[in-house]
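Undergrad: This is the structure I have questions about; it appears just below.
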Amino acid sequence: MSKIILTGDRPTGRLHVGHYVGSLRRRVELQNSGEFDKIFIMIADAQALTDNADNPEKIRQNVIEVALDYLSVGLDPAKSNLFIQSQISELTELSFFYMNLVTVSRLQRNPTVKAEIQMRNFEASIPVGFFTYPISQASDITAFKATTVPVGEDQLPMLEQTKEIVRKFNSVYGETLVEPEILLPENAACLRLPGTDGKAKMSKSLGNCIYLSDTEEDVRTKVMSMYTDPDHIKITDPGKIEGNTVFTYLDAFSKPEHFAEFLPEYNNLDELKEHYQRGGLGDVKVKKFLNNVLQDELAPIRARRAEFEKDIPEVYNILKKGSDVAREAAAETLAEVKRAMKINYFEDRALIEEQSKKYQR
Ligand code: TRP
């Protein structure tokens, strides 16, 4: 069986370092591993509209931002199809059929939907499109026969829902769809990178994100004002690592080479942590190190972005080409789905013959 990746992001804002360690970095590795037959990376504008229906301009503006972020981290259109969800009408058609296989109570039990309903104060006024987006996400994944979906932990309930739809479809209509596997980030810090203020969630409204497109100065300012251990007042005080954002970021970003290059008096992160916990290591020194580590990772991303920003029409062209390829793949699956569901009337010679015999006695 071919190995196929499908994943994506809602274009509701520029992508930040949480997206990077949570998924983007891994996608680039997978892309370059050569282990996958096809890779589809989707800008989920239609899904973003399910809770931004009154603000289409925001989504429209962010499609290009996300595309630039994708290209700047090293997603390569020669290896990965970058496309825009709304341009693949086959996806909505699949959703319409999958809706028959999912109950309202099952959607209400979906933890992501449940949490988002609360967060957005939707309660009974939830738009039907938003309520059913797990079904649309199942269409995104199955349309491409994805075997592997590299996403953050928050997407687990969506993958569960997708698997259920696949099993149900295959058991009712015969083996047609492929059950996907989720691929989670490798370590806990990457699973859920906190905001620079130490809050669990990075969000634009809280102003606690480091964006991939931030300037060098922005990154430095944000790092130097990061939340650490509030009880670590004097340098000689013993410090706490747990819940200390600077160390969480180091867990997510630092590599052994960074120590040799920027902080040679320590061999590795464990030694640095140990010194901090013992006392005698100041926050400023650790923050300066983190800043060096982040700049090292982000500088090539920033440079690639600047190149792509010079030719925006070409970026749209990449998305258009990717969308054409994606549409073709989705159309193939949709045809198989229709065949399995016996709604392929005009290509079914046997059906036409059977019906004519019935009436020609
Ligand atoms: N729900 C994802 C997010 O909020 C975006 C998305 C839509 C997606 N369809 C998908 C991710 C299919 C993986 C697979 O970021």
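Undergrad: Using modelled amide H (1.01 Å from N, peptide plane; none on Pro or chain starts), what sits under 5 Å from the amide H of G8, excluding residues fewer than 5 places away?
TA: Under 5 Å from the amide H of G8: M42.
Undergrad: With θ set to phi - 60° and the Karplus curve 6.51 cos²θ - 1.76 cosθ + 1.60, what are the ³J(HN,Hα) couplings of the stretch 227-243 in order, to the nearest whole Hz, using x for Gly and Pro?
TA: Using θ = phi - 60°, the values come out as 5, 10, 9, x, 8, 8, 9, 8, 4, 6, 5, x, x, 9, 8, 5, x Hz.
Undergrad: Right, here's the next one. Output the relative contact order of the stretch 216-307, whole-number percent, from Cα pairs under 8 angstrom with separation of 6+ residues.
TA: Here the relative contact order equals 36 percent.
Undergrad: Follow-up. Measure up K320/K342; K201/K321; K201/K288; K199/K240; K199/K310; K240/K288 against 26 Å on the Cα-Cα distance and list the ones that go over.
TA: In this structure, K320/K342; K201/K321; K199/K310 lie more than 26 Å apart at Cα.
Undergrad: Still on this structure, please answer the following. Mind listing the long-range amide H neighbours of V149? Cut-off is under 5 Å, sequence gap 5 or more, other chains count too, H placed in the peptide plane at 1.01 Å from N.
TA: E181, I182, L183
Undergrad: Over the chain, what percent of the accessible surface lies on carbon and sulfur atoms, probe 1.4 Å?
TA: Ligands and nucleic acids excluded, carbon and sulfur give 53 percent.
Undergrad: Sticking with this one: Relative to the Cα centre, what is the charge dipole magnitude of the chain, using +1 at the beta carbon of each Lys and Arg, -1 at the beta carbon of each Asp and Glu, and rounding to the nearest 20 debye?
TA: Charge dipole, the chain, about its Cα centre: 960 debye, nearest 20.
Undergrad: I would also like to ask the following. Rg/Rh for the stretch 145-247: what does it come to with C-alpha atoms and Rh from Kirkwood?
TA: When Rh is taken as the Kirkwood radius, the ratio is 1.20.
Undergrad: Just for the Cα atoms in the stretch 1-52, what are the lengths along the principal axes, largest first, rounded to whole Å?
TA: 37, 25, 11
Undergrad: Quick check: convex hull over the Cα atoms of the stretch 32-94, volume per residue in Å³, rounded to an integer?
TA: 102 Å³
Undergrad: Using only Cα atoms, find the angle between the long axis of helix 56-73 and the longest principal axis of the chain, and express it within 0 to 90 degrees, rounded to the nearest 10.
TA: Value to nearest ten degrees: 60.
Undergrad: Hey, what's the chain come to in accessible area per residue, 1.4 Å probe, Å²?
TA: On a per-residue basis, the chain sits at 49 Å².
Undergrad: Let me ask you something else. Where does helix 269-278 land angle-wise versus the long Cα axis of the chain, in degrees 0 to 90, nearest 10?
TA: 50 degrees
Undergrad: Then there's this: Starting from 0 in steps of 5 Å, tell me what percent of the Cα-Cα pairs of the stretch 216-307 lands in each bin.
TA: 3, 14, 25, 24, 18, 9, 4, 2, 1, 0
Undergrad: List the residues, sorted by chain then number, that are 5 or more residues from I39 or on another chain and whose placed amide H is less than 5 Å from its amide H.
TA: I5, N81
Undergrad: Multiply the residue gap between D348 and E217 by 0.36 nm, knock off their C-alpha separation, and tell me the result in nm, one decimal place.
TA: Contour length minus the Cα-Cα distance gives 40.8 nm.
Undergrad: Can you order the peptides 205-217, 37-49, 156-168 by their average number of other Cβ atoms within 10 Å per residue, highest first?
TA: Order by mean packing, descending: 37-49, 156-168, 205-217.
Undergrad: Using each residue's phi in the stretch 138-152, evaluate 6.51 cos²θ - 1.76 cosθ + 1.60 at θ = phi - 60° and report the 3J(HN,Hα) Karplus result to the nearest Hz, with x for Gly and Pro.
TA: Here the 3J(HN,Hα) series is 5, 5, 3, 6, 6, 4, 9, 6, 4, 9, 9, 10, x, 9, x Hz.
Undergrad: Given R₀ = 30 Å, what would the calculated FRET efficiency be for A299 paired with Q277, taking r from the Cβ atoms and rounding to 0.05?
TA: 0.45
Undergrad: Need the full-extension length gain, I312 to N267, defined as separation in residues times 0.36 nm minus the C-alpha distance. One decimal, nm.
TA: Length gained between I312 and N267: 11.9 nm.
Undergrad: Out of A331, A350, A340, any idea which swings most in a Gaussian network model of the chain, alpha carbons joined below 10 Å?
TA: Maximum fluctuation in the GNM of the chain, among the listed residues, is at A350.
Undergrad: Let me ask you something else. Tally the DSSP beta bridges in the chain and give the antiparallel ones as a percent, rounded to 5.
TA: Close to 5 percent.
Undergrad: Right, next: Grab the eigenvalues of the alpha-carbon gyration tensor for the stretch 318-361, scale each by 5, take roots, and send me the semi-axes largest first in whole angstrom.
TA: Equivalent ellipsoid of the stretch 318-361: 35, 9, 5 Å, largest first.
Undergrad: Would you kindly derive the ³J(HN,Hα) couplings of the stretch 13-23 from the backbone phi angles with the Karplus curve 6.51 cos²θ - 1.76 cosθ + 1.60 (θ = phi - 60°), listing them in order in whole Hz, with x for Gly and Pro?
TA: In residue order, the calculated couplings are x, 5, 7, 10, 5, x, 4, 5, 6, x, 7 Hz.
Undergrad: Mind jotting down the distance between the C-alpha centroids of the stretch 10-84 and the stretch 85-130, whole Å?
TA: Going from one Cα centre to the other spans 21 Å.
Undergrad: Moving on. Once you put a point 7 Å from the Cα of E57 and another 7 Å from the Cα of V128, both along the Cβ direction, what distance in nm separates them?
TA: Once both label points are built, they end up 2.9 nm from each other.
Undergrad: What is the Cα coordinate range of the stretch 51-129 on the first, second and third principal axes, sorted by size from largest, in whole angstrom?
TA: For the stretch 51-129, the Cα spread along each principal axis is 42, 28, 22 Å.
Undergrad: So what's the back-of-envelope 222 nm ellipticity for the chain, counting only DSSP H runs of four-plus at -39500 (n - 2.57) apiece and dividing by all residues, rounded to 500?
TA: Value at 222 nm, helices only: -16500 deg cm²/dmol.
Undergrad: Here's another thing I want to ask about it. Once you put a point 7 Å from the Cα of K234 and another 7 Å from the Cα of E336, both along the Cβ direction, what distance in nm separates them?
TA: Taking the two extended label points, one gets 6.9 nm.
Undergrad: What per residue convex hull volume, in Å³, do the alpha-carbon atoms of the chain yield?
TA: Dividing the Cα hull volume of the chain by its residue count gives 165 Å³.
Undergrad: Below 8 Å between Cα atoms, with a sequence gap of 6+, how large is the relative contact order for the chain in percent?
TA: Reported relative contact order: 22 percent.
Undergrad: Angle, helix 349-359 long axis vs. longest principal axis of the chain, Cα atoms, 0 to 90°, nearest 10?
TA: With both axes taken from Cα atoms, the answer is about 30 degrees.
Undergrad: Which of A188, A67, S125 sits farthest toward the positive end of the charge dipole of the stretch 66-199, with +1 on the Cβ of Lys and Arg and -1 on the Cβ of Asp and Glu?
TA: S125
The values are calculated or read from the model by the stated rules, or taken from the named source; none is laboratory data. Note that the structure is a prediction, hence the values are computed from the model and not measured. Note that we place each Cβ from the backbone using ideal geometry, even for glycine, and neighbour counts take in every protein chain shown. The protein model used for the area step is the full one, side chains on, heavy atoms only, and it has no ligands, DNA or RNA in it. Shrake-Rupley method; radii C 1.70, N 1.55, O 1.52, S 1.80 Å.
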